[in-house]
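Participant: One structure follows; several queries about it will come next.
The values are calculated or read from the model by the stated rules, or taken from the named source; none is laboratory data. Everything numeric here is computed off the predicted structure, so don't read it as measured data. Note: areas computed on protein heavy atoms with side chains; ligands, DNA, RNA excluded. Shrake-Rupley method; radii C 1.70, N 1.55, O 1.52, S 1.80 Å.
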Amino acid sequence: MTKPQHHHHSLERCRTLIAQLNDYLDGDLPPDLCAELEAHLAGCPDCRVVLGTLNQTVQILHTLDAVPPPLPADLEARLLARLALPSAPARGKP
Amino acid sequence: MPGLIINLSIYADEAALLAGLRRHDPDACTCLVKRFAPLVYARALRLVGDPDDAEGVLQTTFIKTCDALPNFDGASSLGTWIYRIATNEGLMLLRQRRPQVAFDAVAELLPADELPQPNHSWTIDPGRAALNGELRDQLAQAIAALPEPLRVVVTLRDIAELSTEETAAQLGITPGAVKVRLHRARLRLRDLLAGYLGFVTEDDDDQTAAPPP
Ligand SMILES: [Zn+2]
């Protein structure tokens, strides 16, 4: 495994801009800083990879609870008992 | 004996369910649990990190939800309202558990001179990623292993999708502190995914530059 690259530009520059990537992804970066960042990204493949993979990380996090696992049966039973509820709706209701 | 098949569709929509709840129809409460408890529990578990505590949060959330229903004004969806109650319960429990460690305590940080490794690139469809059980497990474990200040912020911001301002208000910290912690949490989780997905590209030109949403 190779060491971190970011060799096309000064590391200091990459470090500064990487600190802004999340604001950029969240649409929170002021326009002038966006332009600066985009100019750097155009010439820095390493920062582009970090941005692309960071963006995908956030997208995956957004979907993480899209389909929550079903509640374990014993846990649901305890919850319904605590709420003094029947475990299932009675039949024949509207 | 109640029917074994749980009929979730006895209420056509949220308005009908709400009307049933206000009539104190026990079926309505059971439906409420069936519909919202899985996500309440999943989120509570992420927030508090312990199954027993998460179950406590789950129970308190639904007790409070049922108590507070007469006051529910319908300004948000029922789900949003319940998840807000659950979040408050979870955060209260975290504060009680460790009263000395306030949420504005210094978060565990990345070393200042550490840059994310750029030499891992991957492309994965988030929709497919959501269905990848192993990936989800890996990510869930990584989130659970984050220092609490980072875990709580990434859970509220990126999983529960609260705004920076809402998250700051919930935690009693500044929006700036939310951003710093979110940044660190996301970088760590990115590194984990990079390791897990494991694609190393020799030449990253023209790859994966994403526009802002
Ligand atoms: Zn760079």
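Participant: For the pair A and B, how large is the buried accessible area, both sides, in square angstrom to the nearest 100, if the probe is 1.4 Å?
Facilitator: Details: alone 7570 and 13010 Å², together 14810 Å².
Accessible area lost upon association: around 5800 Å².
Participant: What figure, in Å² to the nearest 10, do you get for the accessible area of A:Asp74 with a 1.4 Å probe and non-protein molecules left out?
Facilitator: 90 Å²
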